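Reading through the structure tokens given below for one structure.
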Amino acid sequence: MKTAVRGAVLTFQGDPFVIGDDAAVHYHEDSIVRMEDGLIREVRPAGEALGELDAGERLEEYPGGLILPGFIDCHVHYPQTGIIASYGTQLLEWLEKYAFPEEGRFRDPEYAARIAGVYLGECFRNGITSACVFCTVFPQSVDALFAAAEPYAMRLMAGKVLMDRNAPPWLLDTPQKAYDDSKRLIHRRHKTGRFEYVMTPRFALTSSPEQLEVCAALAAEHPDMLIQSHISENPREIDRVRELFPDCADYADVYARYGLMRPRAIYGHGIHMSEREWDLFRETGAAIAHCPNSNLFVGSGCFDIRRSYMDGRAPIRTGLATDIGGGDSFSPLRCMAEAYKVAQLNGYALSPVKAFYLATRGAARALYLDDRVGSLEAGMEADVVILDLFSTPLIRRRMATCESLAEQLFVQMILGDERAVAATYVSGRRVFGGIRPLPEDRAFHE
Ligand code: GUN
Ligand code: ZN
């Protein structure tokens with residue numbers, strides 16, 4: 001299948017935290033992205049490519065649109081879709097009061113299938129084409145998500161949550177069941193099509209040392225498998241981990257002792273970490289999912305993105321994530337806006353180019369998938385989002401006074417939301433939106 005999209009194109013050819021914003025960005029005001037059989041065939045200025053389209057190649061034009069790599073959500077709990085916007089608690093109480101009861105409902109495969117469909121709809125409506133997803137302790141919740149994603153050939157990474165203590169008994173597995181269920185799911189889904197299975201111990205607090213031994217064994221059996229968990233989100237959580245693992249130097253050391261700090265391991269949050277813990281991330285190649293909406297909504301604190309990227313040493317792979325349902329929005333644009341404000345509270349102004357990087361190629365790097373997704377160039381997988389840069393009257397008004405690309409991007413990330421998503425393509429196929437006729441005066445460059 002061949003489809004081509006036309007509009008302004010923005011992608012990344014490097015890391016703006018390392019080489020600077022201007023050198024990292026590739027931008028062209030009128031280009032065509034040609035997609036064929038799920039891959040990007042070429043990205044060329046429209047003036048050159050128009051005459052060369054094949055017979056039968058479908059061209060979808062987006063005047064006033066900005067073509068970007070599809071957004072990548074590198075940490076999200078799909079089963080918490082139904083409890084988004086739950087009032088008034090911080091992490092440990094929030095889990096007890098809202099997250100655990102809702103996750104219990106995923107014992108029912110029909111409920112899981114229904115929410116998986118809702119979740120994917122929200123992803124596509126918001127321009128998210130790829131995600132690294134926590135399911136629940138029930139293997140059927142993993143099956144439901146992969147089954148729902150299958151028709152889209154989406155690059156989806158997901159795993160069964162492992163948890164055998166400090167949660168309601170009806171939500172616990174055992175070390176043996178964790179192993180057996182994980183192995184079964186790996187056999188069924190890992191590396192089938194664009195899917196990957198992810199080993200998913202919930203966090204140190206809900207896994208016994210015996211279950212973490214199981215994780216160590218699985219990690220050793222599958223050295224290139226993604227691992228996802230949480231680290232250092234909330235002060236009470238950190239105190240509890242210290243009590244439960246008195247022999248460990250700190251929170252990150254718990255994971256390190258079980259072989260879970262390594263390339264392709266990604267941890268949500270990392271807000272309150274010590275110098276030693278930051279060093280461990282740097283030395284091991286483990287990554288961080290920065291979840292600013294969640295950190296504000298659940299009252300967890302302000303992650304300092306400069307610790308990942310700007311301390312003069314090699315960057316720690318860090319991407320942006322919604323962390324639904326601790327997070328309060330599926331929109332990567334809302335996530336960039338909160339990342340900006342959280343950085344401001346730390347005394348740092350996150351540039352718009354860096355924010356867009358963190359939601360695309362930066363997130364792909366955090367998942368060690370940047371050779372496949374996260375940028376627009378020939379050979380990459382054809383996951384694309386097209387923003388309507390004039391999606392609301394206020395944005396339209398504000399865009400008229402922008403004097404640079406950076407300023408336009410900043411307006412989009414601060415004022416934009418799902419209304420800004422004109423279309424989403426997964427594996428070269430449009431899964432959301434379409435060509436809306438846009439008025440003449442919406443040309444991006446004027
Ligand atoms: N820590 C352990 N589980 C969770 C979860 O579901 N959400 C968040 N935000 N933090 C967690
Ligand atoms: Zn989370």
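Before moving on, here are some points about what is shown:
- Just one of the listed residues (Ile305, Ile316, Ile271) is within 20 Å of Cys335 (Cα to Cα), crowded, with 19+ Cβ neighbours inside 10 Å and within 16 Å of ligand 1 (Cβ to nearest atom), namely Ile271.
- Output for region 274-302, where each listed residue is of a type in the set (S, T, N, Q) and within 14 Å of ligand 1 (Cβ to nearest atom): Asn293, Ser294, Asn295, Ser300
- Region 75-103 - residue that is more than 13 Å from ligand 2 (Cβ to nearest atom) and acidic (Asp, Glu) and, of those, farthest from Asp143 (Cα to Cα): Glu93
- Restricting region 43-74 to residues that are charged (D, E, K, R) and without any contact (Cβ under 8 Å) to a residue 24 or more places away in the chain, the residue that is nearest to ligand 2 (Cβ to nearest atom): Arg44
- For region 127-142, the set of residues classified as in a helix (DSSP H, G or I) and buried (at least 23 other Cβ atoms within 10 Å of the Cβ) consists of Ser141, Val142, listed by residue number.
- Among (1) more than 16 Å from ligand 2 (Cβ to nearest atom); (2) assigned to a helix (DSSP H, G or I), the one test that Leu145 misses: (1)
- Restricting Phe124, Phe106, Phe100 to residues that are among the aromatic types (Phe, Trp, Tyr), in a helix (DSSP H, G or I) and in contact with a strand residue (DSSP E or B) (Cβ under 7 Å, 6 or more places away or on another chain) narrows the list to Phe124.
- Checking Asp21 against (1) in contact with a strand residue (DSSP E or B) (Cβ under 6 Å, 6 or more places away or on another chain); (2) modelled with pLDDT of 95 or more, the condition it does not meet: (1)
- The listed residues are Leu333, Leu376, and the only one of them that is surrounded by 21 or more Cβ atoms within 10 Å (Cβ to Cβ) and not in a helix (DSSP H, G or I) turns out to be Leu376.
- Checking Ala204, Ala167, Ala217 one by one, the residue that is surrounded by fewer than 22 Cβ atoms within 10 Å (Cβ to Cβ), within 16 Å of ligand 2 (Cβ to nearest atom), more than 28 Å from Thr360 (Cβ to Cβ) and at pLDDT 95 or above is Ala167 and no other.
- Filter result (of a type in the set (Lys, Arg) and away from ligand 1 (no atom under 16 Å from the Cβ)) within region 191-212: Lys191, Arg194
- Restricting region 237-251 to residues that are in contact with an Asp or Glu (Cβ under 9 Å, 6 or more places away or on another chain) and within 16 Å of ligand 2 (Cβ to nearest atom) leaves a set whose member that is farthest from Met273 (Cα to Cα) is Val241.
- Region 79-98 residues that are in contact (Cβ under 8 Å) with a residue 24 or more places away in the chain, paired with ones that are part of a loop (DSSP other than H, G, I, E, B) and surrounded by fewer than 17 Cβ atoms within 10 Å (Cβ to Cβ) (beta carbon under 7 Å, 6 or more apart): Gln90/Gly299
- Picking from residues in region 148-167 that are in a strand (DSSP E or B) and of a type in the set (A, V, I, L, M), the one that is farthest from Glu210 (Cα to Cα) is Leu156.
The values are calculated or read from the model by the stated rules, or taken from the named source; none is laboratory data. Treat the numbers as computed from the prediction; the structure is a model and nothing was measured. Please note: Cβ atoms are built from the backbone with ideal geometry, for glycine as well, and neighbour counts cover all protein chains shown.
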